[in-house]
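**Q** I have a structure I would like to understand better, so I am pasting it below and will then ask my questions one at a time.
Coordinate-derived values only; no laboratory data. Bear in mind that the values here come from a model prediction, so they are computed numbers and not experimental data. Reconstructed Cβ throughout: ideal geometry from the backbone, glycine too, with neighbour counts over all protein chains shown.
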Amino acid sequence: MRVVYDLRTDTLSIILSDRPVAESDEEKPGVILDFDAGGNVVSLEILDASRRVDQPTQMVYELMPTGT
C-alpha cells in the first residue's frame, strides 16, 4: 500500500494494490475509486485534497493489536 500526495495537482492517492485498473468511478464529486477486473478497489484518489483532508502532507499509520 502506498499513499502519495501530489502538491502540484493537490491530489491525494491511496494505492491499495498494483493490479491494473479496469474501471474508475467518481463515487462523490472529487473522490475517484479505481477497480480491477474483479471489481476490487485498487486505489482511491481525492481531488482538491487540501480542501478535503485536514493535513494531506502528513500520515499516521497505526497497527491495532490482535485480539486477546
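**Q** Tabulate in residue order the Karplus-calculated ³J(HN,Hα) for the range 23-38, using 6.51 cos²θ - 1.76 cosθ + 1.60 with θ = phi - 60°, rounded to whole Hz; enter x for Gly and Pro.
**A** Computed from phi, the couplings for the range 23-38 are 7, 10, 9, 8, 4, 10, x, x, 10, 10, 9, 10, 10, 8, 5, x Hz.
**Q** Quickly work out the Q58-to-L44 label distance, labels modelled 7 Å from Cα along the C-beta direction, and quote it in nm with one decimal.
**A** Result for the modelled spin labels: 2.0 nm.
**Q** Place a +1 charge on the Cβ of each Lys and Arg in the range 2-52 and a -1 charge on the Cβ of each Asp and Glu, then give the dipole magnitude about the Cα centre in debye, rounded to the nearest 20.
**A** Working: 6 positive and 11 negative charges, 48 e Å.
Magnitude of the dipole: close to 240 debye.
**Q** Of Q58, S24, A37, whose Cα points farthest to the positive end of the dipole of the chain (charges on the beta-carbon: +1 Lys, Arg; -1 Asp, Glu; origin at the Cα centre)?
**A** The Cα lying farthest towards the positive end belongs to Q58.
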